[in-house]
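The values are calculated or read from the model by the stated rules, or taken from the named source; none is laboratory data. Note that the structure is a prediction, hence the values are computed from the model and not measured. Because the Cβ atoms are built from the backbone with ideal geometry, glycine has one as well, and the counts that use them run over all protein chains shown.
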Amino acid sequence: MPVAFYNVLLYKINSMAKDFSMVATTLFGLEGVLSQELQQLGAKNVKEGIRNVSFEGDLGFLYKANLSLRTAIRILKPLKKTRVYDEKELYQQIQRIKWERYLDVDSTFAINAVVNSKHFTTNSHYISLKSKDAIADYFRHKYSKRPNVDIKNPDVRIHIHIQKEYLTISIDSSGDSLHKRGYRTATNIAPINEVLAAGMVLLSGFTGDENFIDPMCGSGTILIEAAMIACNIPANINRKKFAFENWKDYDEELFFTIHDALLKRIKSLHCKIMGFDKAPSAVRKAKQNLINANLEEFVGVHHVNFFNSKKEVFGNTIIMFNPPYGERLSINTEEFYKNIGDTLKNHYSGSVAWIITSDIQALKHVGLRTSKRIPLRNASLDCRFVKYELYEGTRKAKYLNNELN
Ligand SMILES: C[S@@+](CC[C@H](N)C(=O)[O-])C[C@H]1O[C@@H](n2cnc3c(N)ncnc32)[C@H](O)[C@@H]1O
């Protein structure tokens, strides 16, 4: 039996049966919700890091995690963890991996390197080139041929992470970032990242037992993520491709068994979910994205100016939105945020409102007392995700005109 074939066979048998370590990366501030998601899915040994959560599971769990996790950006499978102090050692460590288990000479690969170490003074791009050379040389030496690099659409993506002297070499099971769910074909001026939107909905504690309104819904991302949570629809069920489908141990039958089992857990919607936007183009885009997500029958989107709106759904209601903010959309911030506070106070009492914004100063113009303030990041912007409890009746809305939130 040729050695390469034997190596792959052994790898397949091992990876099917055994639990292995994985790392799910996420956005700043969502580590806690991601860790909860993982525990609910059945991950073992879940540990929160900074912008990542590590865990253990088997091959089936890797498929389940990619299909289900709402707050993961990608799921990596570490192949090697060791210490390195210079480029020569890095090169040697990379060459010690049996790369034919993961790559063929005629497949393509790409390397993403993140380096934060005083031992490596060159930039991450240089380290990724060095790592690429090590893999290419490995194949050239053993097979007189080497796989090519394809930065945009590789068969296999490899991650090199160096923190101080700690090196982790991982293979990326997701491919394109998991925020690319597959439903958002129409985007507005400033769409929110799907992973961040899902994280916000989960942080709010929304389960589908309350009504949900996004009164400035843009392309509908928050609404779609909320509806998927309410119906228990796996986050990435609409995605066309995961990187693990190119892996040598890919088990298509196992993948579809897991895929179908997750579909069976979808439940019907028991609450009202609706969105408003004052821009007709945004309403059209949100409706298109809802169609893409097969949710158009469950979520209503209306051409409404929030400031002229009234509460039309009753019972427990969560209002959640990312209003326009200075950096991206030009508005009179003070007046706009004051209008938000007035509308919430006058027309939405009895609800809970959540706002995310990077314009932290603008929040003081809302004039309502926040009951929670969670730091998050939207792309490169530091944000606050704040909660307002809009009491009804005798427990009137706490309206604090001059409070600096
Ligand atoms: C930052 S975008 C929301 C992005 C959205 N979360 C998404 O993922 O696409 C803000 C939206 O608020 C809308 N908007 C601004 N003022 C509004 C108002 N008074 N009533 C309703 N919508 C408003 C804008 O048209 C824009 O679509």
Looking at the structure I just gave you, is S131 in contact (Cβ under 8 Å) with a residue 12 or more places away in the chain and either in contact with a Phe, Trp or Tyr (Cβ under 6 Å, 6 or more places away or on another chain) or within 15 Å of I97 (Cβ to Cβ) (or both)? yes
Would you mention how many residues in segment 264-290 are part of a loop (DSSP other than H, G, I, E, B) and not basic (K, R)? 6
With the condition kept exactly as written, say whether any residue in segment 243-263 is in contact with a strand residue (DSSP E or B) (Cβ under 9 Å, 6 or more places away or on another chain), exposed (fewer than 14 other Cβ atoms within 10 Å of the Cβ) and in a helix (DSSP H, G or I). no
Reported set for segment 269-285 where residues are in contact with an Asp or Glu (Cβ under 7 Å, 6 or more places away or on another chain) and either closer than 19 Å to S309 by Cα or near the ligand (Cβ under 9 Å from one of its atoms) (or both) is G275, V283
Just to be sure, is T221 at pLDDT 95 or above and more than 30 Å from Y388 (Cβ to Cβ)? no
Consider G315 carefully, then state whether it is in the same structural domain as Q361 (by TED's automatic domain parsing) and in a loop (DSSP other than H, G, I, E, B). yes
Listing of strands (runs of 3 or more DSSP E) fully contained in segment 99-218 that carry 1 or more residues being more than 24 Å from the chain's Cα centre (by Cα) and crowded, with 20+ Cβ neighbours inside 10 Å: 166-172
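Each row is one residue, and each column tells you yes or no for (1) touching a strand residue (DSSP E or B) at 6+ places or on another chain (Cβ under 8 Å); (2) at pLDDT 95 or above.
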{"residue": "K47", "(1), (2)": "yes, yes"}
{"residue": "I50", "(1), (2)": "no, no"}
{"residue": "L67", "(1), (2)": "no, yes"}
{"residue": "R70", "(1), (2)": "no, yes"}
{"residue": "L76", "(1), (2)": "yes, yes"}
{"residue": "S124", "(1), (2)": "yes, no"}
Working only within segment 292-311, note down all residues that are in contact (Cβ under 8 Å) with a residue 40 or more places away in the chain, within 10 Å of the ligand (Cβ to nearest atom) and in a loop (DSSP other than H, G, I, E, B). V304, S309
